[in-house]
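To start, the structure under review is shown below, and the notes come after it.
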Amino acid sequence: MDVYEMRGRLQVIAEEMAVSEDEDGEGDEEAFVMVSKRPSTSSSSFCRDCATPAHSGHPPNHRVLPLQEAAQDMKTELSQSCSKLTEKITQMENFASNLEEIFITVEENFGRQEQNLEQHYSDVLQTLSQRNSENSAALQDQKKQKLEALYGQLLACGRLLDTSKDLIESAQELHRCQNKHAFLQVELKAGVSIDFTTPTADLSAVKQMMESINVVPAPSAPVMNPQVVNSATTSSLRVCWSLFSDDTVDFYQLYCRQISEDITTETEQDASVRRVKETHYVVTDLLPNAQYEFWVTATNTTGISPASERAVYMTVPSPPVIKLQESVSCLEAALIRWDSGNTNPVESYTLELSEADNHSSVTESIVAIPTCECLVQLQPWKRYIINIRAVNIGGASERSQPITISTTGTLFHLLKETAHPSLSVSPDGFTIALWRSRSVMCTSMTEMYLSCLCWVCSCVAVLGDLIPVRGQHYWEVEVDEWAEYRVGVAYEDTQRTSYLGANATSWCMRHLLTPSRHKYEFLHNGWSADVRITVQPFRIGVFLDYERGTLSFYNALLQQHLYTFSCCFHHYVLPCFALDKPGALTLHTGLTAPKYITHT
C-alpha cells in the first residue's frame, strides 16, 4: 500500500466517523429516554481496560464507563490516532519528495558527464580519421613525386652509363698513348644523387586532444529560483537554483546574508558561505519574519562559475499574540484584536476558528486580514476556539495561543486609556474606584494635561469597549451603597467637558445623595423624567437594543424595571461609567440577558 492509498483510506474512515457522529447526535435524546426508563444493567456498561462489556464479577480497579461514554472515548482516540497517522504520512511524503529531488539531480549530473565523454570520444575519432585521410593523401603525393624523381634518376643513370662507357673508351685510348700526364687530369663524376628523404607526420594536435579528454569547461552562472510558498519556517528557508546548460558541477557555494535597514554598510564579508552538492539547500538558524539575500556559484575541476543573480527569501513570521482584554463579543459576533509579534511588518493575517464543544479541527478560516483586528460573524449560544496566524511570502506562522469566545452574552472590558486620571482601574478591567476628593488639584503637569484631554474634573468617568454590532447587549453594574455615580451610554465623539447625560449624545442613570433620601435621575440632554425608586438597587442591569432603539435599566436583584429611554441611535454607542464622589463600581459582562428583559 503506497502513501496515497493510505491517505485515501484515512479520509474514508474520517468521513464514516463524521456520519456516525451525526447519527449518534440525532439519536441521543431517544437513547437517553430509553436508558433512563430501564434499570441499570451490566450490559449498558463497558470496561475500557478489558475492552469488553462489564459484568458483575469485574475487577474493581478497572475503568467501567457507560456504553455511550465509552464509545465516545473510543471515537475520540480513533480520531486522534487518525490525525497522528495523517501527520506521519505527510512527513513520509515530504521525505519521499526530497529523495526524488536528490535522485533527479544525481541522474541529471550523470547524464551530463556521459554526454561529455561521448562528445570527446566522437571528436577524437573524427580528428584521427581526418588526420589519417590527410596523411594518406600526403603520402600518395610524396610517393608519386618520389617515383617520378626516381624515374628521372634512372634515365639520368642510363645516360650516365653511356657517358661513362664513352669515358672508359676515351680513357683506354689515352692510356694507350704515350702522354700519361693527360690521363691523370681526367675527372670522372656521376650527376644524379640516389639518396631518398623520409616523410614526417605531425600528430601534435591529436596528442593534445587525447590529453584534453578529462578537461571540462568551467560552468556558467547558476540561476536562483524565486521563493516557493510554504518553503520556509520561522527559523529556516529552503533555497533552490538551477542551470540552463549541460555544465558539469562538482559542488556549489551558497552565499547568505540578512537584509537590514542599513544595507549600505553591508559587505561581501558579511555573508555566510555553505558548500552544497545538490541544487537545493535548507538554511537554518535564521530569524523569524526576516529577509535574506542568496546567491550561488558552481565549481568543477576547471574552475568557478560567475555568481548568480541575487534572490531575496523571507522566513515565516512569529505567531501573533491575541489581546485577551481587548477582544470583545456578543451573541452574533466577536471582535478579535492581537499584536503582530514581529518586528518587521507582515503581509496579512489568517483567523481560524472551530467550535469548542465538537472537538473538531478548524471549521472556518478568514484570510488576507490586513490589520491586527477582525470582526467575525458567529452563531449564538456557542463556544468557539480562535487562533491567529501571520502570513508573508514565506508562508503562514504557527498558530497563536488560542482564545475561547462564548456567544452567550456581550463581553467587554473598560478602556483604561479613556479613564480620568483620578480613577483607578483594576488590572482585570472590570472595576473602577475613586478614593480622593475631586477638589484636590492635579499634582503634575502631565496629570493636568490628561485631565483636560480625557474628562474635566467635574465628570470622573471611563468608557467601555463595546463591540460595534447593532444587536442586543446586556451588562450589569455592581454599585456601593453610598457612591454617587452615573451609568449609561454615549457616542464615542461626545464632548468630554460636560457631565454624562447633560448633552444630546449621552444617556445615563444617576444616583446622588440628599439629606433626606437616595435620589435617582434618568438624564438625556440635561432633562430627567420624574421617576421615584423606593428600593435602592445594588446591581443595575443595562439592556441596549439597537433595533428597537431602547436603553433600559433594571434592578437586577429584584428583576424590577426602572426606566427605558426610547431613541434612535445614529451611531454606535459605548458604555460609560462615572463617579461623582469617592466610591467604586464593578462591571459584569458576558452575561446572558434574563428572560424577564428579553420578553418585555
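Among the residues in the stretch 26-39, are any exposed (fewer than 12 other Cβ atoms within 10 Å of the Cβ), part of a helix (DSSP H, G or I) and modelled with pLDDT of 65 or more? No, the conditions are met nowhere in the stretch 26-39.
Evaluate the following for residue 418: is it crowded, with 18+ Cβ neighbours inside 10 Å, out of contact with any strand residue (DSSP E or B) (no Cβ under 6 Å at 6 or more places or on another chain) and either modelled with pLDDT under 90 or more than 27 Å from residue 289 (Cα to Cα) (or both)?
no
Among the criteria (1) farther than 19 Å from residue 418 by Cβ; (2) outside any loop (DSSP other than H, G, I, E, B); (3) not acidic (Asp, Glu), the one residue 575 does not fulfil is (1).
Per the conditions (1) more than 30 Å from residue 427 (Cβ to Cβ); (2) part of a strand (DSSP E or B), the sole criterion not satisfied by residue 352 is (1).
Which of the residues spanning the stretch 409-426 are more than 22 Å from residue 472 (Cβ to Cβ) and touching a residue at least 60 places away in the same chain (Cβ under 8 Å)? Don't jump to the end; show me each part of the working.
In the first step, residues of the stretch 409-426 are kept if they are more than 22 Å from residue 472 (Cβ to Cβ); the result is 416-426.
Hit for the stretch 409-426 is 423, nothing else.
Being within 25 Å of the chain's Cα centre (by Cα) and closer than 24 Å to residue 106 by Cβ holds for only one residue in 312, 321, 282, and it is 282. When the stretch 561-572 is filtered for residues that are open to solvent by 50 Å² or more (accessible area, probe 1.4 Å), under 20 Å from residue 526 (Cβ atoms) and outside any loop (DSSP other than H, G, I, E, B), only 566 remains.
Taking the stated definitions as given, is residue 583 open to solvent by less than 40 Å² (accessible area, probe 1.4 Å), in contact with a Cys (Cβ under 7 Å, 6 or more places away or on another chain) and modelled with pLDDT under 95?
Working: open to solvent by less than 40 Å² (accessible area, probe 1.4 Å): yes; in contact with a Cys (Cβ under 7 Å, 6 or more places away or on another chain): no; modelled with pLDDT under 95: yes.
Against the criterion (open to solvent by less than 40 Å² (accessible area, probe 1.4 Å), in contact with a Cys (Cβ under 7 Å, 6 or more places away or on another chain) and modelled with pLDDT under 95), residue 583 does not qualify.
For residue 319, indicate whether it is within 30 Å of residue 79 (Cα to Cα), surrounded by 15 or more Cβ atoms within 10 Å (Cβ to Cβ) and touching a residue at least 40 places away in the same chain (Cβ under 8 Å). It is true that residue 319 is within 30 Å of residue 79 (Cα to Cα), surrounded by 15 or more Cβ atoms within 10 Å (Cβ to Cβ) and touching a residue at least 40 places away in the same chain (Cβ under 8 Å).
For the stretch 379-404, filtered to residues that are in contact with a Gly (Cβ under 9 Å, 6 or more places away or on another chain) and among the hydroxyl-bearing types (Ser, Thr, Tyr), the residue that is surrounded by the most Cβ atoms within 10 Å (Cβ to Cβ) is 397. Against the conditions (1) touching a residue at least 12 places away in the same chain (Cβ under 8 Å); (2) touching a Lys or Arg at 6+ places or on another chain (Cβ under 9 Å), residue 519 satisfies every one except (1).
Look at the stretch 577-597: where a residue is among the aromatic types (Phe, Trp, Tyr) and a partner is surrounded by fewer than 17 Cβ atoms within 10 Å (Cβ to Cβ), sitting 6+ places away or on another chain with Cβ atoms under 8 Å, you get 596/559. For beta carbons closer than 8 Å, sequence separation of 6+ or different chains, a first residue in the stretch 204-229 that is farther than 21 Å from residue 115 by Cα and modelled with pLDDT of 90 or more and a second that is among the small types (Gly, Ala, Ser) and not in a loop (DSSP other than H, G, I, E, B), the qualifying pairs are 223/242; 224/311; 225/242; 225/311; 226/311; 227/311.
Among the residues of the stretch 522-548, the one identified as β-branched (Val, Ile, Thr) and free of Cβ contacts under 8 Å to residues at least 24 places away in the same chain is 534. Here residue 375 fulfils each of the conditions (1) part of a strand (DSSP E or B); (2) open to solvent by 50 Å² or more (accessible area, probe 1.4 Å); (3) closer than 22 Å to residue 476 by Cβ apart from (3).
Among the residues of the stretch 355-372, which ones are part of a loop (DSSP other than H, G, I, E, B) and open to solvent by less than 70 Å² (accessible area, probe 1.4 Å)? Answer for the stretch 355-372, where residues must be part of a loop (DSSP other than H, G, I, E, B) and open to solvent by less than 70 Å² (accessible area, probe 1.4 Å): 360, 362, 372.
Among residues of the stretch 159-176 being of a type outside the set (D, E, K, R) and open to solvent by 90 Å² or more (accessible area, probe 1.4 Å), the one that is farthest from the chain's Cα centre (by Cα) is 175. Regarding the stretch 324-340, can at least one residue be identified that is touching a residue at least 24 places away in the same chain (Cβ under 8 Å), of a type outside the set (S, T, N, Q), out of contact with any Leu (no Cβ under 8 Å at 6 or more places or on another chain) and at positive phi? No: zero hits.
Residue 261 satisfies every condition listed in (1) open to solvent by 60 Å² or more (accessible area, probe 1.4 Å); (2) assigned to a strand (DSSP E or B) except (2).
How about the stretch 121-132: which of its residues are open to solvent by less than 70 Å² (accessible area, probe 1.4 Å) and either of a type outside the set (D, E, K, R) or within 30 Å of residue 298 (Cβ to Cβ) (or both)?
122, 123, 124, 127, 129
In the list 100, 108, 118, which residue meets the criterion of being modelled with pLDDT under 80, within 30 Å of residue 298 (Cα to Cα), open to solvent by 70 Å² or more (accessible area, probe 1.4 Å) and among the acidic types (Asp, Glu)? Walk me through how you get there before you give the answer.
Details: 100 fails: modelled with pLDDT under 80; 118 fails: modelled with pLDDT under 80.
On inspection, the qualifying residue turns out to be 108.
Residue-level analysis places residue 69 among those that are surrounded by 12 or more Cβ atoms within 10 Å (Cβ to Cβ), acidic (Asp, Glu), farther than 30 Å from residue 204 by Cα and modelled with pLDDT under 80. Just to be sure before I move on: is residue 156 closer than 30 Å to residue 204 by Cα and either assigned to a helix (DSSP H, G or I) or open to solvent by less than 60 Å² (accessible area, probe 1.4 Å) (or both) in the structure I sent? No; evaluated as a whole, the condition is false for this residue.
The values are calculated or read from the model by the stated rules, or taken from the named source; none is laboratory data. Model, not experiment: these values are computed from the prediction. Note that each Cβ is placed from the backbone with ideal geometry, even for glycine, and that neighbours are counted across all protein chains shown. Please note that ligands, DNA and RNA were not included when accessible areas were found on the heavy atoms of the full protein model with its side chains. Shrake-Rupley method; radii C 1.70, N 1.55, O 1.52, S 1.80 Å.
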